Amino acid sequence: MTKYIEGKLTISKASNDVVRIQFKDCNSVTRFATAELSLEQYAQAITGLSEIPCMIEISNLQNVGLRRISDTLEFELEAQNSYSRNLHIEQLLRCVPDGWKTTDELSSQNSFFEKDGKRWARATINKWVKEEDLCQNLAQK
């Protein structure tokens with residue numbers, strides 16, 4: 001079975017003369033394949049030589065073909081007098097609702113704020129859903 005997704009391709013050259021080719025699924029905003037080639041391998045590929053041997057890193061395949069939903073999670077800090085970001089990240093991970101994930105490190109300028117005289121934190125959370133389930137998930141927000 002063949003399936004098509006809207007994607008993006010990025011080709012970049014690192015300072016160590018490695019060419020990186022990355023594939024990204026637009027709906028899930030997920031990078032799922034990365035190949036690294038030497039300059040010689042890259043030159044062979046773009047001049048028509050097929051099946052150039054290389055290592056391909058595959059990741060996040062569980063999200064490919066799904067739609068990413070993002071939301072903001074705000075929570076009152078348990079340790080009001082602590083400025084330990086690691087402590088606040090631990091609390092964030094406990095607050096993330098089931099089915100959602102976060103990679104937020106509470107490092108942006110807007111991560112911490114005051115509300116009703118208390119310190120709060122704000123983080124981005126993500127969830128990946130099937131396109132047909134999108135309306136149902138948005139209604140549950």
Point to revise | Residues that are surrounded by 15 or more Cβ atoms within 10 Å (Cβ to Cβ) and within 20 Å of L49 (Cβ to Cβ), drawn from the range 1-22 | key: V19, R20, I21
Check your understanding: Listed residues G99, G7; which is in contact with a Cys (Cβ under 8 Å, 6 or more places away or on another chain), within 23 Å of I125 (Cα to Cα) and either without any contact (Cβ under 8 Å) to a residue 40 or more places away in the chain or of a type in the set (A, V, I, L, M) (or both)?
Key -> G7
Exercise for review: Kindly state which strands (runs of 3 or more DSSP E) lie completely within the range 44-126 and contain at least 1 residues that are in contact with a helix residue (DSSP H, G or I) (Cβ under 7 Å, 6 or more places away or on another chain) and outside the structural domain of I11 (by TED's automatic domain parsing).
Suggested key: 67-76
Check your understanding: Are any of the residues in the range 52-59 surrounded by 13 or more Cβ atoms within 10 Å (Cβ to Cβ), over 25 Å from K130 (Cβ atoms) and either at pLDDT below 95 or more than 24 Å from the chain's Cα centre (by Cα) (or both)?
Key -> yes
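Okay, residues lined up against (1) farther than 30 Å from Y4 by Cβ; (2) surrounded by 16 or more Cβ atoms within 10 Å (Cβ to Cβ):
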residue: L39; (1), (2): yes, no
residue: V64; (1), (2): no, yes
residue: E74; (1), (2): yes, no
residue: A79; (1), (2): yes, no
residue: I89; (1), (2): yes, yes
residue: L93; (1), (2): yes, no
residue: L106; (1), (2): yes, yes
residue: Q109; (1), (2): yes, no
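The values are calculated or read from the model by the stated rules, or taken from the named source; none is laboratory data. All figures in this text were calculated on a predicted structure; none of them were measured in a lab. Because the Cβ atoms are built from the backbone with ideal geometry, glycine has one as well, and the counts that use them run over all protein chains shown.
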